[in-house]
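For reference, the structure discussed in these notes is given below.
The values are calculated or read from the model by the stated rules, or taken from the named source; none is laboratory data. Because the structure is a prediction, the values reported are computed rather than measured. Every residue, glycine as well, gets a Cβ built from its backbone with ideal geometry; the counts of neighbours run over all protein chains shown. In case anyone asks, the SASA skips ligands and DNA or RNA and just uses the protein heavy atoms, side chains included. Shrake-Rupley method; radii C 1.70, N 1.55, O 1.52, S 1.80 Å.
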Amino acid sequence: MQRGSFSGRIGFIAAAAGSAVGLGNIWGFPYKVSNGGGAIFVLVYLIICFAFCLPVMLAEIAIGRASGSNSVGAFAKLGFRKWRGIGMLGIIAGLLIFSFYNVIAGWAFGYTLEMANGNFGIADSFGAFTSNVVKIGIYGAVFMLITALIVTQGVSGGIEKASKLLMPALLVMIVALAIYALTLPHAMEGIRFYLLPDFSKLNGKVIMGAMGQAFFSLSLGMGALITFGSYVGKQENIVSSAVIITLADITIAILAGFMIFPLLGFITNGTMNDIPQGPELVFVTLPHVFASMGEPYGTIFGTCFFLLLCFAALTSTVSLLEVPVSYLVDDWKLKRRSATWLVAAVIFVMGIPSLLSAGYSANLTNFIRYPNHEKHTDFLSFVANVANDSMLPLCGSLIVIFASHIWRMKNMDAELALGNPTYQGSLLQRYMRIALPYIIPFILLFVFFTTVYKTFF
Ligand code: TRP
């Protein structure tokens, strides 16, 4: 059976950037900036993306293209069957991430409809909104359905096409929204908080936070880019593609900040005091801002904003679904269509406890109290702590160790040089030779152990 492939470089870049740009950029990044003390977080984030994440991305794409196989089979194809467990670990992480990601995507979808109806009051009843599980369940199911429909259409006909359509639309919307936000009163105070770093706020927590955010945002550590890399032609330049994907992801996150911080300046009359530092930023604070814009601006801005969030989430859920589907199609010889619906159904069911954990079920809402934490953690956040914060760095470090020590740098270099003759001997290559085998895996393991220790013990 013929495996799918991207039609060319742009298709791959659009799909991989689509995977990277997601809720993490528009919902996650701004609140983490606000939580991490503003501009200093942004600065650390940028450094980490290039110095630390780009090499990991190159390793993943190289493994994928060299093997021409899914994230599990890739290890076997390269001659190391025993290492397939890394791919399995990544798939499990991906299923867990998807299970709660889809719930949040369902919220975004629901909010789009509420905003279109001018219902800004939703901000004050966010708890009631998320506990309406039948409604959110339907929104989530619709979201899953659209994701699955795209994935059944295959690599170039589905994933690539959707990304080529959604990504430019997303860019236009976010630029337009940011420009409008910048014209509001007190926008500049927001921008100052966002862009002028206060070095006294730099600490280990900020660095670790930026690291986790960058890793998640670039879709690293679960084999998503191994899978996408396996659909890339040998003549393509994957090094420059990876740079463009990283830049695209950063650009959208930064633009999300240019949209949201002026809004926070506006709503706080420029004081930037007590700005929200958690997930409620987008779902609670922003609708208040939209309400205070007056009609019709509030409705237009609000609807566009949440539609933007849906688009961003959709290209990411597509990549989260493609990873296990690709495995089932390659290694278990399932038909793409059956594999897609099977995985989609399993993930939807896996997401039900997360769906119920935002107010509906008391037990799941107050699911667990970690030692030394005052408050209970809900089930959705618990899954995020396990999958994003723990499994991704662990799996990422194993992928890097595999690429640099088992498969070996020599083979990886040769793969990266295909389609990019200037790679051998370049500064990037020399940097990779030091960073990939000797620095990055240990930082990732450090992140893994500290997160596990700090969160669960
Ligand atoms: N990068 C996406 C975001 O920022 C989430 C995502 C999609 C992801 N696919 C992934 C994260 C694979 C890790 C691995 O929202």
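Is one or more of the residues making up segment 224-236 away from the ligand (no atom under 15 Å from the Cβ), among the aliphatic types (A, V, I, L, M) and either open to solvent by less than 10 Å² (accessible area, probe 1.4 Å) or closer than 18 Å to SER316 by Cα (or both)?
Checking segment 224-236: not a single residue is away from the ligand (no atom under 15 Å from the Cβ), among the aliphatic types (A, V, I, L, M) and either open to solvent by less than 10 Å² (accessible area, probe 1.4 Å) or closer than 18 Å to SER316 by Cα (or both).
Within the group ILE244, ILE250, which residue is away from the ligand (no atom under 15 Å from the Cβ), at pLDDT 95 or above and not in a loop (DSSP other than H, G, I, E, B)? Quick ask: steps written out before the conclusion?
On the way: ILE250 fails: away from the ligand (no atom under 15 Å from the Cβ).
Testing whether each residue is away from the ligand (no atom under 15 Å from the Cβ), at pLDDT 95 or above and not in a loop (DSSP other than H, G, I, E, B) leaves just ILE244.
Taking segment 344-361, which residues are assigned to a helix (DSSP H, G or I) and surrounded by 19 or more Cβ atoms within 10 Å (Cβ to Cβ)? Give the steps one after another, and end with the answer.
If we filter segment 344-361 for residues that are assigned to a helix (DSSP H, G or I), which is where we start, we get 344-350, 352-356.
Across segment 344-361, the qualifying residues are ALA344, ILE347, PHE348, PRO353, SER354, LEU355, LEU356.
Output the helices (runs of 4 or more DSSP H) that fall wholly within segment 1-93 and possess 2 or more residues being open to solvent by less than 20 Å² (accessible area, probe 1.4 Å) and within 16 Å of the ligand (Cβ to nearest atom), or say none.
Numbers: elements: 9-20, 29-35, 39-48, 54-67, 73-77.
By residue number, 9-20, 29-35, 39-48, 54-67.
Is it fair to say GLY265 is part of a helix (DSSP H, G or I), within 16 Å of the ligand (Cβ to nearest atom) and more than 19 Å from ARG9 (Cα to Cα)? Spell out how you get there, then give the answer.
Values: part of a helix (DSSP H, G or I): yes; within 16 Å of the ligand (Cβ to nearest atom): no; more than 19 Å from ARG9 (Cα to Cα): yes.
No, not satisfied.
Would you confirm whether any residue within segment 428-438 is assigned to a helix (DSSP H, G or I), without any contact (Cβ under 8 Å) to a residue 60 or more places away in the chain, of a type in the set (Val, Ile, Thr) and within 27 Å of GLY94 (Cβ to Cβ)?
First, the residues of segment 428-438 that are assigned to a helix (DSSP H, G or I): 428-438.
Remaining after also requiring without any contact (Cβ under 8 Å) to a residue 60 or more places away in the chain: 429-430, 433-434, 437-438.
Filter again for of a type in the set (Val, Ile, Thr), leaving 434.
Filter once more, so that each one left must be within 27 Å of GLY94 (Cβ to Cβ): none.
No - not one qualifying residue is present in segment 428-438.
Given the structure, is THR340 hydroxyl-bearing (Ser, Thr, Tyr), assigned to a helix (DSSP H, G or I) and either within 16 Å of the ligand (Cβ to nearest atom) or open to solvent by less than 10 Å² (accessible area, probe 1.4 Å) (or both)? Break it down into steps so the answer makes sense when it comes.
On the way: hydroxyl-bearing (Ser, Thr, Tyr): yes; assigned to a helix (DSSP H, G or I): yes; either within 16 Å of the ligand (Cβ to nearest atom) or open to solvent by less than 10 Å² (accessible area, probe 1.4 Å) (or both): yes.
Against the criterion (hydroxyl-bearing (Ser, Thr, Tyr), assigned to a helix (DSSP H, G or I) and either within 16 Å of the ligand (Cβ to nearest atom) or open to solvent by less than 10 Å² (accessible area, probe 1.4 Å) (or both)), THR340 qualifies.
Pull out all pairs, ordered by first then second residue, where Cβ-Cβ is under 6 Å, the residues are six or more apart or on different chains, the first lies in segment 207-222 and is more than 6 Å from the ligand (Cβ to nearest atom) and open to solvent by less than 10 Å² (accessible area, probe 1.4 Å), and the second is of a type in the set (Ser, Thr, Tyr) and outside any loop (DSSP other than H, G, I, E, B).
Filtered contacts from segment 207-222: ALA210/TYR45; ALA214/TYR45.
Does at least one position in segment 109-119 carry a residue that is open to solvent by less than 40 Å² (accessible area, probe 1.4 Å) and charged (D, E, K, R)?
Looking only at segment 109-119, we keep the residues that are open to solvent by less than 40 Å² (accessible area, probe 1.4 Å), and these are 110-112, 114-115, 118.
Next, from what is left, pick out any that are charged (D, E, K, R): 114.
Checked against the condition, which is being open to solvent by less than 40 Å² (accessible area, probe 1.4 Å) and charged (D, E, K, R), segment 109-119 yields at least one hit.
Inside segment 362-396, can you point out the residues that are open to solvent by less than 30 Å² (accessible area, probe 1.4 Å) and either of a type in the set (Phe, Trp, Tyr) or not in a helix (DSSP H, G or I) (or both)?
Once the filter is applied, which keeps residues that are open to solvent by less than 30 Å² (accessible area, probe 1.4 Å) and either of a type in the set (Phe, Trp, Tyr) or not in a helix (DSSP H, G or I) (or both), segment 362-396 yields TYR370, THR377.
Does segment 424-431 contain any residue that is open to solvent by 60 Å² or more (accessible area, probe 1.4 Å) and of a type in the set (A, V, I, L, M, F, W, C)? Spell out the reasoning first.
Within segment 424-431, the subset open to solvent by 60 Å² or more (accessible area, probe 1.4 Å) is 424, 427, 430-431.
Those left that are additionally of a type in the set (A, V, I, L, M, F, W, C): 427.
Checked against the condition, which is being open to solvent by 60 Å² or more (accessible area, probe 1.4 Å) and of a type in the set (A, V, I, L, M, F, W, C), segment 424-431 yields at least one hit.
Take the conditions modelled with pLDDT of 95 or more, over 22 Å from MET173 (Cα atoms) and not charged (D, E, K, R) and apply them to ALA358. Does it pass?
Values: modelled with pLDDT of 95 or more: no; over 22 Å from MET173 (Cα atoms): yes; not charged (D, E, K, R): yes.
No: the conditions fail for ALA358.
Is there a residue being in contact (Cβ under 8 Å) with a residue 24 or more places away in the chain, more than 25 Å from ILE138 (Cβ to Cβ), open to solvent by 40 Å² or more (accessible area, probe 1.4 Å) and away from the ligand (no atom under 16 Å from the Cβ) anywhere in segment 409-419?
Of all residues in segment 409-419, those in contact (Cβ under 8 Å) with a residue 24 or more places away in the chain come to 409, 411-412, 415-416, 418-419.
If we keep only those that are more than 25 Å from ILE138 (Cβ to Cβ) as well, we get 409, 411-412, 415-416, 418-419.
Retained after the next criterion (residues that are open to solvent by 40 Å² or more (accessible area, probe 1.4 Å)): 411, 418.
Then drop every residue that is not away from the ligand (no atom under 16 Å from the Cβ), which leaves 411, 418.
Checked segment 409-419: at least one residue is in contact (Cβ under 8 Å) with a residue 24 or more places away in the chain, more than 25 Å from ILE138 (Cβ to Cβ), open to solvent by 40 Å² or more (accessible area, probe 1.4 Å) and away from the ligand (no atom under 16 Å from the Cβ).
Only residues in segment 304-325 that are touching a residue at least 12 places away in the same chain (Cβ under 8 Å) count as the first member; pair them with residues that are outside any helix (DSSP H, G or I) and more than 9 Å from the ligand (Cβ to nearest atom), Cβ under 6 angstrom, at least 6 apart or cross-chain, and list the lot.
The qualifying pairs are VAL323/SER71.
Please enumerate the residues belonging to segment 274-309 that are open to solvent by 10 Å² or more (accessible area, probe 1.4 Å) and assigned to a helix (DSSP H, G or I).
GLU280, VAL284, THR285, HIS288, ALA291, SER292, TYR297, THR299, ILE300, THR303, CYS304, LEU307
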